[in-house]
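Comments concern the structure below.
Only the coordinates and a few stated rules stand behind these numbers; no lab work does. Computed from a predicted model, the values in this text were never measured in an experiment. Positions of Cβ are generated from backbone atoms using ideal geometry, with glycine treated the same way; all protein chains shown enter the neighbour counts.
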Amino acid sequence: MTAPVPPSAAVPALRATPGRARRRVVLLALGALASLGIPGLHPASAQESPTLAAIRARGSVVCGVQSNNPPFSLPDSRGAWRGLDVDSCRALAAAVLGDPSKATIRPVTPISRFPAIQSGEIDVLFGSTTWTTTRESSLGLVFAAANYYSGQGFLVKRSLGVGRLAELGGATICVPPGSTTEVVLAEWFRANRLTFQPVLIEDLNEIHAAFLAGRCDAFTRDMTGLSGFRMSQPNPEAFLLLPDSVTMEPLGALIRKGDGRWFDVVRWTQFALIWAEQQGVTAATADAPAAGASSDVRRLLGAEGDIGPSMGLDRRWAANAIKAVGNYGEVWQRNVAPFGLERGLNRLWNEGGLLFSPPLR
């Protein structure tokens with residue numbers, strides 16, 4: 001609840017006062033509001049970010065992701081982390097520190113991920129984490145940006161002989177505990193008057209192993225993750241992704257509340273990758289705006305305006321991020337397209353998708 005305004009701090013009424021007197025009333029009003037700590041009225045230069053300070057002191061951005069989670073995050077054959085969430089982290093490192101290699105990937109589980117971000121062990125949580133009301137209202141956390149839209153689905157072995165979710169009555173289903181996936185699963189079966197037996201396993205690698213070993217009839221999570229797992233198997237045709245999606249979920253970056261400057265950096269770095277795709281800017285063209293480039297492109301690449309400095313970053317913050325990972329379409333093509341997935345909802349807004357960026361100006 002907001003504390004009552006003491007009479008001495010009351011905001012003066014604005015009247016049609018001419019000239020200097022009217023300006024004085026306006027300044028008094030703004031001063032009174034600022035003294036009450038109302039967000040947005042302090043100049044950006046006065047804001048400080050404990051997260052940015054910690055990142056610069058250690059020389060890296062620490063991102064929490066799930067392990068073995070294609071196409072979002074998984075180590076390749078040489079042990080290097082790859083995936084859409086990993087590239088989101090590398091873009092942040094490039095924006096803040098000018099170097100994408102200064103991204104530190106920290107594997108988390110559905111149980112450990114929220115304590116990891118709450119405690120400051122990580123700076124930002126990706127980890128295929130869904131944006132929900134209670135995660136913002138009760139955990140001291142806030143979603144800064146969505147980097148993917150998906151829905152919860154179900155994967156089965158074709159040998160099970162089912163083709164729709166409604167045929168899974170009485171089935172055993174592998175699901176991570178403490179997740180929205182577990183909650184939605186129970187709600188859907190209850191609403192449809194069907195029974196099931198949950199097999200609760202925290203670690204994603206262990207869920208994969210349990211499903212392949214036949215400990216559960218089905219495996220549920222976001223449909224993109226299921227598709228990535230299916231396509232990573234030696235014989236993908238042995239598995240069926242059921243056509244039923246029981247939710248539509250934004251996945252993205254979760255940070256601690258109370259650090260507005262870091263919130264801006266995480267949000268606008270993601271927007272910059274989308275805006276770059278809208279403007280036709282790629283990793284190959286991010287060094288400098290072409291001759292005759294629009295003001296939108298010049299601002300994006302730091303040739304005009306003070307967007308970077310307004311967030312405590314270099315003027316070329318967005319150019320560094322785009323050069324490191326490409327625009328959103330390039331990130332998608334590199335990490336998601338190899339699994340045979342369509343962009344669908346993750347197309348730009350003018351191509352029938354949900355992705356858009358507010359103007360960078």
Fluctuation leader among Gly228, Gly340, Gly120 - the chain, Gaussian network, Cα springs under 10 angstrom: Gly340
Among all the lysines, which ones have a C-alpha under 29 Å from Lys257's C-alpha, if same-chain residues fewer than 8 places away are not counted? Lys102
Going residue by residue through region 211-217, the Karplus relation 6.51 cos²θ - 1.76 cosθ + 1.60 with θ = phi - 60° gives ³J(HN,Hα) values, rounded to whole Hz and with x marking Gly or Pro, of 5, 5, 7, x, 6, 9, 6
Determine the distance separating the Cα centre of region 243-298 from the Cα centre of region 313-361; give it in Å without decimals. 7 Å
For Ser128, distant residues with modelled amide H under 5 Å away: Gln66
For the chain, compute the orientation-averaged projected area of the C-alpha convex hull (one quarter of its surface), in nm². 23.2 nm²
Could you tell me, in Å, what Rg and Dmax come out for the Cα atoms of region 152-242? 12.0, 36
If I fit a long axis through the Cα atoms of helix 180-191 and take the longest principal axis of the Cα atoms of the chain, what angle between them do I get, 0 to 90°, rounded to 10? 60 degrees
With everything on Cα atoms, drop me the angle between helix 19-35 and the longest principal axis of the chain, reported from 0 to 90° to the nearest 10. 40 degrees
Under a 10 Å cutoff between Cα atoms, tell me which one of Pro243, Pro71, Pro289 has the largest fluctuation in the Gaussian network model of the chain. Pro243
Here FRET efficiency (C-beta to C-beta, Ala303 to Asp76, R₀ 30 Å, nearest 0.05) is 0.25
Any aspartates and glutamates with Cα under 20 Å of the Lys157 Cα? List them, leaving off those in the same chain fewer than 8 positions away. Glu167, Glu206, Asp217, Asp222, Glu237, Asp244
Spelling out what I want: for every residue of region 119-124, take phi, set θ = phi - 60°, compute 6.51 cos²θ - 1.76 cosθ + 1.60 (Karplus), and round to whole Hz; glycine and proline get x. 7, x, 4, 10, 8, 8
Take the alpha carbon atoms of region 73-99, find their center, do the same for region 191-221, and report the distance between the two centers in whole angstrom. 29 Å
For a quick check: sort Met248, Met231 by the number of other beta carbons within 10 angstrom, fewest at the front. Met248, Met231
Kirkwood Rh over alpha-carbon pairs of region 258-361, then Stokes-Einstein at 25 °C and 0.890 mPa s: what D in µm² s⁻¹, rounded to an integer? 174 µm²/s
